[in-house]
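To start, the structure itself, in structure tokens.
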Amino acid sequence: MASNSDKTSGDLSVTGIHKRYGQVRALADVSLTVAAGEFLTILGPSGSGKTTLLKVVAGFETPDEGDVRVGGRDVTDLDPAQRNIGMVFQNYALFPHLTVERNVAFPLEMRRVPTAEIRTRVAEALALVELTGFEHRLPRQLSGGQQQRVALARAIVFRPTLLLLDEPFGALDRKLRESMQLEVRRLQQRLGLTTLFITHDQEEALVMSDRIAVMDSGRLEQVGRPRDIYEAPQSPLVADFVGESNILSGTVEAAEGAAPAVRLEGGTLIRVAADGAVPAPGARVRVLLRPERLGDAGDDPGAENRIPGTVVESIYLGLSDKYRLRIAGGIELLARMGASRTARRYAEGDAITVGFHAADARIIEVR
Ligand code: ADP
Ligand code: MG
């Protein structure tokens, strides 16, 4: 089933989707396309509407407005069974009384595929998820990760046009989750499966996706490649939800030289990134500064910004040290500094001068 001629994945497009549950607006004007073979992740906090969107795509919920097209076909009014979509959920939902083999065969039996072909395709699907030899086990005789691989085999065995995954690793421990993330991504790429994946875990989204759509309160906030979402968030909400962040308020001052300057509320003047349209002097802005871009100023002579402060809290994290600092005006900054052999460690109460490059301070909101 991995050969090119078998690739049946199509593109997905949802347009102008609205969905209410009584007073709750679960989806508000959601439009999105996923290209054929693309892995797109919906990332958002609990209650933001992710599962509702998936149910609308799958056909378990009818949208109040808008339409869904899969592989160019309008499926908005079709039943789930008619949409040829594979699905995996957090709670495996395997048939407990059926063996692994029968679980995976089920979608093919439903489609009245001939018995001999069922046997071949089930064997192929189990090989793809590395469960050859487990055919005759029952779900309760498998670990959580193995059960989830059976669910995955069952979702791909009928060559779906689209694969939907709703927090499929939520119940797995961290190590297993990380290996499943890579496994699923490899499988998806190998089969060229168009995939819509849901998670509230930003690291998972960054690791797995071709593109990420950040969702909040039923709306898509930003859609982009992982690097763009992380490095160029278009709103404080996205910056805050994806990664750790310092978001600083200030006022633009007249630029001297290349980098524009922003006067922070505490009085500190910082140089910020000059890319994009720089707002006029006097504009109130918010600036994003990622904690890992703040360093010990003494180690980075090229940093245009050097700010003295005091360590309020020092947290040992193994791979890095995390510091909460207070600078002029009582403003707090988060800094993450790598734990290299030569790195100096700071304790609570220590004076510190942090440095950062203008290019790493990005204006993300103008008011
Ligand atoms: P997520 O998957 O991002 O956690 P959901 O799509 O499950 O979010 O839910 C979005 C919003 O819609 C939430 O406020 C939730 O409480 C509400 N909601 C979801 N399903 C129903 C339902 N069947 N009836 C009423 N409200 C619902
Ligand atoms: Mg959900």
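The values are calculated or read from the model by the stated rules, or taken from the named source; none is laboratory data. Everything quoted here is computed from the prediction, not taken from an experiment. Here the Cβ is made from the backbone with ideal geometry for all residues, glycine too, and neighbour counts use every protein chain on show.
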- Does residue 217 qualify as being over 20 Å from residue 60 (Cβ atoms), of a type in the set (Ser, Thr, Tyr) and within 16 Å of ligand 2 (Cβ to nearest atom)? yes
- Item | The lone exception for residue 244 - which of (1) more than 18 Å from residue 333 (Cα to Cα); (2) part of a loop (DSSP other than H, G, I, E, B) it fails | (1)
- Every residue from segment 103-141 that is basic (Lys, Arg), under 33 Å from the mean Cα position of the chain (by Cα) and more than 15 Å from residue 160 (Cα to Cα): 140
- Query: Hey, among the residues in segment 153-173 that are within 18 Å of residue 57 (Cβ to Cβ) and in a helix (DSSP H, G or I), which one's farthest from ligand 1 (Cβ to nearest atom)?
  - Reply: 156
- Matching entry among 33, 62, 41 (being within 16 Å of ligand 2 (Cβ to nearest atom) and under 22 Å from residue 84 (Cβ atoms)): 41
- Expected single match for under 32 Å from the mean Cα position of the chain (by Cα) and over 16 Å from residue 244 (Cβ atoms) among 328, 303, 297 is 303
- Task: Give me a count of the residues in segment 74-91 that are in contact (Cβ under 8 Å) with a residue 24 or more places away in the chain, more than 16 Å from ligand 1 (Cβ to nearest atom) and either surrounded by fewer than 22 Cβ atoms within 10 Å (Cβ to Cβ) or under 19 Å from residue 30 (Cβ atoms) (or both).
- Result: 4
- Task: Please tell me if residue 109 is touching an Asp or Glu at 6+ places or on another chain (Cβ under 7 Å), charged (D, E, K, R), within 26 Å of residue 130 (Cβ to Cβ) and away from ligand 1 (no atom under 16 Å from the Cβ).
- Result: no
- Evaluate the following for residue 334: is it surrounded by 16 or more Cβ atoms within 10 Å (Cβ to Cβ), over 18 Å from residue 262 (Cα atoms) and either touching a His at 6+ places or on another chain (Cβ under 6 Å) or not aromatic (Phe, Trp, Tyr) (or both)? yes
- Query: Tally time: how many residues in segment 106-144 are small (Gly, Ala, Ser) and crowded, with 18+ Cβ neighbours inside 10 Å?
  - Reply: 1
- Message: Step by step: first the residues of segment 187-226, then only those that are modelled with pLDDT of 95 or more, more than 16 Å from ligand 1 (Cβ to nearest atom) and among the basic types (Lys, Arg), then the one that is nearest to the chain's Cα centre (by Cα). Which residue is that?
- Response: 211
- Specify which of the listed residues (344, 284) is of a type in the set (Lys, Arg) and more than 23 Å from residue 359 (Cβ to Cβ). 344
- Task: Just one of (1) in contact with a Leu (Cβ under 9 Å, 6 or more places away or on another chain); (2) among the basic types (Lys, Arg); (3) touching a residue at least 60 places away in the same chain (Cβ under 8 Å) trips up residue 227, so point out which.
- Result: (3)
- Where residues in segment 220-247 are over 20 Å from residue 366 (Cβ atoms) and of a type in the set (D, E, K, R), which of them is surrounded by the fewest Cβ atoms within 10 Å (Cβ to Cβ)? 227
- Restricting attention to strands (runs of 3 or more DSSP E) lying wholly within segment 259-367, give those where 1 or more residues are among the basic types (Lys, Arg), at negative phi and touching a residue at least 40 places away in the same chain (Cβ under 8 Å). 269-271, 284-289, 305-316, 331-338, 361-366
- Out of (1) at pLDDT below 95; (2) away from ligand 2 (no atom under 16 Å from the Cβ); (3) within 29 Å of residue 82 (Cβ to Cβ); (4) touching a helix residue (DSSP H, G or I) at 6+ places or on another chain (Cβ under 7 Å), what's the single condition that is false for residue 172? (3)
- Message: Suppose we filter segment 114-129 for residues that are in contact (Cβ under 8 Å) with a residue 40 or more places away in the chain and either closer than 15 Å to residue 94 by Cα or outside any helix (DSSP H, G or I) (or both); how many remain?
- Response: 1
- Query: For segment 36-58, how many residues meet the condition of being within 10 Å of ligand 1 (Cβ to nearest atom), under 18 Å from residue 184 (Cα atoms) and surrounded by fewer than 24 Cβ atoms within 10 Å (Cβ to Cβ)?
  - Reply: 0
